[in-house]
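The values are calculated or read from the model by the stated rules, or taken from the named source; none is laboratory data. For clarity, every value in this text was computed on a predicted model and none was experimentally measured. Reconstructed Cβ throughout: ideal geometry from the backbone, glycine too, with neighbour counts over all protein chains shown. Remember, those area values only see protein heavy atoms, side chains included, never the ligands or the DNA or RNA. Shrake-Rupley method; radii C 1.70, N 1.55, O 1.52, S 1.80 Å.
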Amino acid sequence: MLTIAVTAESADETRVAISPETTKKFTGMGARVRVQSGAGARSYISDEALKAAGAEIVGSAGEALAGADMLLKVRRPAADEIAQLKPGAMVFSILNPYDDRPGLDTLAGTKASLFAMEFMPRITRAQSMDVLSSQANLAGYKAVVDGAAMFGQALPMMMTAAGTVPAAKAFIMGVGVAGLQAIATARRIGAMVE
């Protein structure tokens, strides 16, 4: 039986690499899913929700990793986490291969197979595994919301008895995933978008 481990992320990462939905999918295929207690807390996913979906909740990262065939992480795992996996285990994570080359070399020196999720092809068949588009989508939305807050005035046209305030103009550079979401968000809140 394939054993999948999910451990808590570092303090600056609020996401978790598994959800109750994906837990159900994995257990439905016959895999065992072991999750470190509290791993989903900062993503508002409780141990109880993961357990109800079929995960085994364990007290520590070491317990989750012991003998695991696969490790799922959002951010690059520490070398000591990979060392606790059995030889030949697979690690799926955002590895940031262009940052911290010594750290990546350390991971490459393990006997694990590393899969950099940010290199997943951004094609239709792989959309459910794309870790970049969902985050770019949020970045486009947040850019407009933050920009509107910094602007300090209303974005839509305002008509009152005292007069009319024209709509703000928003200039969005780029029409990738982030740009398209920025355009949609700016339009929804009433800006004139170019």
Around Met70, which amide H atoms from residues at least 5 apart in sequence, or from another chain, sit under 5 Å from its own amide H, with H modelled in the peptide plane? Thr3, Ala5, Met90
Taking the Cα centre of region 1-132 as the origin, how large is its charge dipole in debye, to the nearest 20, when only Lys and Arg (+1) and Asp and Glu (-1) carry charge on their Cβ atoms? 400
If you count only protein heavy atoms with a 1.4 Å probe, what accessible area per residue comes out for the chain, rounded to a whole Å²? 58
Tell me, how many Å apart are the Cα centres for region 124-164 and for region 76-95? 36
Could you tell me how many cubic angstrom of Cα convex hull volume region 1-116 has per residue? 90
If one takes the longest principal axis of the Cα atoms in the chain, at what angle in degrees, from 0 to 90 and to the nearest 10, does the Cα axis of helix 177-188 lie? 40
Could you pull the accessible area for Thr27 with a 1.4 Å probe, rounded to 10 Å²? 40
Which of the residue pairs Lys24/Lys111; Lys25/Lys73; Lys24/Lys73; Lys25/Lys142 have a Cα-Cα distance greater than 22 Å in the structure shown? Lys24/Lys111; Lys25/Lys142
Local electrostatic count at Ala31 - Lys and Arg +1, Asp and Glu -1, tallied over other residues with Cβ under 12 Å: +2
Using the charge dipole of the chain (Lys, Arg: +1 at Cβ; Asp, Glu: -1 at Cβ; taken about the Cα centre), state which of Val91, Val165, Ser46 has its Cα farthest towards the positive end. Val165
Just how much of Lys25 is accessible, in Å², when a 1.4 Å probe is used and the result is rounded to the nearest 10? 120
Solvent-accessible area, 1.4 Å probe, carbon plus sulfur percent, for region 1-44: 54
With every protein chain left in place, what is the accessible area of Arg75 in Å² (1.4 Å probe, nearest 10)? 90
Sorting Ser113, Ala31, Tyr141 by the position of each Cα along the dipole of the chain (Lys, Arg +1; Asp, Glu -1; all at Cβ), the one nearest the positive end of that ordering is Tyr141
For region 45-194, the accessible surface attributable to carbon and sulfur atoms (probe 1.4 angstrom, ligands and nucleic acids excluded) amounts in percent to 61
Give me the Kirkwood hydrodynamic radius of region 36-194, using the inverse of the mean 1/r over all pairs of distinct Cα atoms, in Å to one decimal. 19.3
